[in-house]
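Contents: one structure, followed by commentary.
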Ligand code: ADP
Ligand code: MG
């Protein structure tokens with residue numbers, strides 16, 4: 001594969017919790033326009049690394065670079081404005097608003113428009129075309145008028161992805177996008193991730209190894225806060241230390 005430039009990179013990144021080192025001196029690099037999976041046994045430090053990359057957690061040591069810029073001290077909100085957007089966050093969807101309204105609010109916020117739900121119809125309508133085109137991309141066009149809380153689980157997650165896309169991200173970070181899904185939703189989400197990855201970079205933490213094998217360009221395996229293997233699925237799955245980590249934890 002041709003080598004794309006690194007869009008996201010860490011140097012010596014560490015995070016301790018009262019002396020316990022959850023992420024230990026990690027040098028990590030995500031190439032632009034790839035699907036990159038972060039895997040590893042429970043407690044390996046995946047979520048912590050994710051939280052460090054999105055600045056939901058401050059690092060104890062080390063640096064993070066986004067598109068060549070040091071973002072070690074940036075705020076999550078400013079990163080989102082710069083196109084580094086995290087999806088499947090707990091409260092990214094307003095449960096009692098419709099699918100259309102949810103995506104419209106995300107678009108409004110990206111365009112710096114007030115989050116006022118009672119904007120005049122005329123001002124709201126101008127977003128509807130963009131909302132509907134986004135919903136069509138995600139396969140939610142027939143759900144536009146449905147109330148978010150009433151959506152089937154898989155569709156709710158798709159809506160979260162739609163609100164993420166409304167932010168016009170360059171890099172999308174997905175934390176266990178298939179968690180809690182049945183086989184049908186897993187297949188659908190997997191196809192959706194490949195679709196949204198076109199022209200973008202996707203970094204995901206995911207436990208479903210068959211999905212990871214299917215769609216990832218690169219896989220990083222973490223264990224006890226350290227990278228123990230990296231590469232294609234064939235390479236990392238053949239690695240004795242990786243096999244040991246999955247058996248021995
Ligand atoms: P993973 O997502 O790979 O399962 P985590 O990043 O959640 O792992 O956790 C890595 C280690 O750091 C675990 O041992 C966990 O107990 C510890 N840890 C994570 N967050 C905290 C926290 N806020 N306070 C104390 N320990 C934490
Ligand atoms: Mg985790």
Tally up the residues in the range 50-87 that are over 28 Å from residue 18 (Cβ atoms) and within 16 Å of ligand 2 (Cβ to nearest atom), please.
1
How many residues are closer than 15 Å to residue 10 by Cβ and either within 16 Å of ligand 1 (Cβ to nearest atom) or touching a residue at least 40 places away in the same chain (Cβ under 8 Å) (or both) when one looks only at the range 69-99?
1
Mind checking which residues of the range 171-185 are closer than 21 Å to residue 38 by Cβ and surrounded by fewer than 18 Cβ atoms within 10 Å (Cβ to Cβ)?
176, 179, 180
Regarding the range 39-51, can at least one residue be identified that is more than 10 Å from ligand 1 (Cβ to nearest atom) and within 15 Å of the chain's Cα centre (by Cα)?
no
May I ask you to verify whether residue 203 is within 16 Å of ligand 2 (Cβ to nearest atom), closer than 13 Å to residue 35 by Cβ and out of contact with any helix residue (DSSP H, G or I) (no Cβ under 7 Å at 6 or more places or on another chain)?
yes
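Picking from 183, 198, 194, which residue would you name as being touching a helix residue (DSSP H, G or I) at 6+ places or on another chain (Cβ under 8 Å) and more than 27 Å from residue 13 (Cβ to Cβ)? If you could, list the steps in order and put the result at the bottom.
Values: 183 fails: touching a helix residue (DSSP H, G or I) at 6+ places or on another chain (Cβ under 8 Å); 198 fails: touching a helix residue (DSSP H, G or I) at 6+ places or on another chain (Cβ under 8 Å).
Result of the check over 183, 198, 194: 194.
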Given (1) within 16 Å of ligand 2 (Cβ to nearest atom); (2) crowded, with 18+ Cβ neighbours inside 10 Å; (3) in a loop (DSSP other than H, G, I, E, B), residue 93 misses just (1)
The strands (runs of 3 or more DSSP E) lying wholly within the range 171-249 that contain at least 3 residues that are touching a strand residue (DSSP E or B) at 6+ places or on another chain (Cβ under 6 Å) and within 28 Å of residue 158 (Cβ to Cβ) are 171-175, 201-205, 218-223
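Only the coordinates and a few stated rules stand behind these numbers; no lab work does. Note that the coordinates shown come from a computational prediction; the quantities given were computed from them, not determined experimentally. Glycine also receives a Cβ, built like all others from the backbone with ideal geometry; neighbour counts cover every protein chain displayed.
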